[in-house]
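Student: Mind having a look at this structure? Questions to follow.
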Amino acid sequence: MSIAFSKLTGSGNDFILIENLAGQVDIDPFKDKIPKLCLRALSIGADGVIFVEPSTLAHFRWRFFNADGSEAEMCGNGGRCVARFAFEMGIAPQDMTFETLAGVIKARVLEEGVVRVQLPSPHGWRWGDKLRLDNGYVEYSFVNTGVPHVVIMVDELAGVAVKEMGRKIRSHPLFSPEGTNVDFVQELGKGRLAIRTYERGVEDETLACGTGAAASALIYLGSREEGHVEVITRSEETLGVDKKGKEVYLQGATRWIYDGRMSPEAWRW
């Protein structure tokens, strides 16, 4: 059996999207194949796989799987990609809602592939805590923007051992059993940040992370009720984050890379 799919990317996060409204793919047994599908060079390669399914609460429901096969509550860049996919496939209107494990998400598809999504209300705040790591302490803040994020402000991003430190913090007992994403953030100027993120589920640094950009912007804004922050990702694309009271919006470009059909050889090796 071959399966139709599309490949979209949002600021360097790339995803395999599968329209599954008729239930042609039995997801629960199929999800074991996702780690192989997401391996670059050996298969399609992606940071995650998104299935679009029917919903009684919204225009559609997604099931989002990280590259390691774990199911995630939310993904900001994945949310932007699935919104464009649903709009251009005629599944949802330009202003839409979709159901996730983090709740119902609102999205709007703008011109030239730009998509704006409203993220879940942030919660779980921690400010300026210290985390014991190896023989010292790291100062961090924390917020859940649909998924958990540790945010560490640094003077210079280039020299940060993102993969090494990120892996240790991601699996630290303080954040077990779910684990956490880890964002290293440098202020570039007023309202401008640069970010590098270690993502759980991918278990590596990624080129961008939408919920991480939002988390970093929120920690940067602090107690301010409103604000706009531009976040420069490792892919050098810019994500815009807007805070309006308890509402948080993420906006940025998406690209539709290609459509295809995956054969069983994509996961049987």
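FYI, it's all coordinate maths here, none of it is from the lab. No experiment lies behind these values; they were computed from the predicted model shown. Neighbour counts run over all protein chains shown; Cβ positions are idealised from the backbone, glycine included.
Student: Just order 159-170, 214-225 by mean Cβ neighbour count inside 10 Å, highest at the front, would you?
Tutor: Per-residue mean Cβ counts within 10 Å order the peptides as 214-225, 159-170.
Student: To the nearest 20 Debye, how big is the dipole of the chain about its Cα centre, given +1 on the beta carbon of each Lys and Arg and -1 on that of each Asp and Glu?
Tutor: So the magnitude is around 120 debye.
Student: If only Cα atoms are counted, what is the Rg of the stretch 123-245, and what is its Dmax, in Å?
Tutor: Cα only, the stretch 123-245: 13.3, 40 Å (Rg, Dmax).
Student: Take the alpha carbon gyration tensor of the stretch 93-191, find the square roots of its eigenvalues, order them as a ≥ b ≥ c, and report rounded if a/c is under 1.5; if not, report prolate when a/b exceeds b/c, else oblate.
Tutor: Taking the square roots of the gyration eigenvalues as a ≥ b ≥ c, the stretch 93-191 is prolate.
Student: Going by alpha carbons, how many degrees (0 to 90, nearest 10) lie between the helix axis of 210-221 and the longest principal axis of the chain?
Tutor: Helix 210-221 sits roughly 20 degrees off the main axis of the chain.
Student: So what is the calculated 222 nm ellipticity per residue for the chain, using -39500 (n - 2.57) for each DSSP H run with n of 4 or more, over all residues, to the nearest 500 deg cm²/dmol?
Tutor: One gets -4500 deg cm²/dmol as the mean residue ellipticity at 222 nm.
Student: When DSSP assigns beta bridges and you keep just the ones with both residues in the stretch 1-77, what percent turn out antiparallel, to the nearest 5?
Tutor: Beta bridges within the stretch 1-77, antiparallel portion: roughly 70 percent.
Student: When Asp242, Asp68, Asp259, Asp47 are ordered from fewest to most other Cβ atoms inside 10 Å of their Cβ, what list results?
Tutor: Ascending number of Cβ neighbours within 10 Å: Asp259, Asp68, Asp242, Asp47.
Student: Within the set of other residues whose C-beta is less than 12 Å from the C-beta of Glu265, count the net charge using Lys and Arg as +1 and Asp and Glu as -1.
Tutor: Result for the neighbourhood of Glu265: +4.
Student: Also, quick follow-up: For a bin width of 5 Å, list the pair-distance distribution of the stretch 186-269 built from all Cα-Cα distances, rounded to whole %.
Tutor: Spelled out per bin, shortest first, that is 3, 13, 21, 18, 15, 11, 7, 5, 4, 3, 0.
Student: Turning to a different aspect of this structure: Output the peptides 200-210, 132-142 sorted from most to least packed, where packing is the average of other Cβ atoms within 10 Å over each peptide's residues.
Tutor: My ranking of the peptides, most packed first, is 200-210, 132-142.
Student: Still on this model: When ranked by the protection proxy of mean other Cβ atoms within 10 Å per residue, highest first, what sequence do the peptides 12-18, 52-58, 99-105 form?
Tutor: 12-18, 99-105, 52-58
Student: Can you spot the aspartates and glutamates whose alpha carbon is less than 16 Å from Lys168's alpha carbon? Ignore those fewer than 8 places along the same chain.
Tutor: The qualifying aspartates and glutamates are Asp134, Glu139, Glu178, Asp183, Glu199, Glu203, Asp204, Glu205.
Student: While we're on this one: Compute the Rg to Rh ratio over the chain from the alpha carbon atoms, using the Kirkwood formula for Rh, and round to two decimal places.
Tutor: 0.96
Student: Can you give me the relative contact order of the stretch 123-245 as a percent, contacts being Cα pairs under 8 Å and 6 or more apart?
Tutor: The value is 20 percent.
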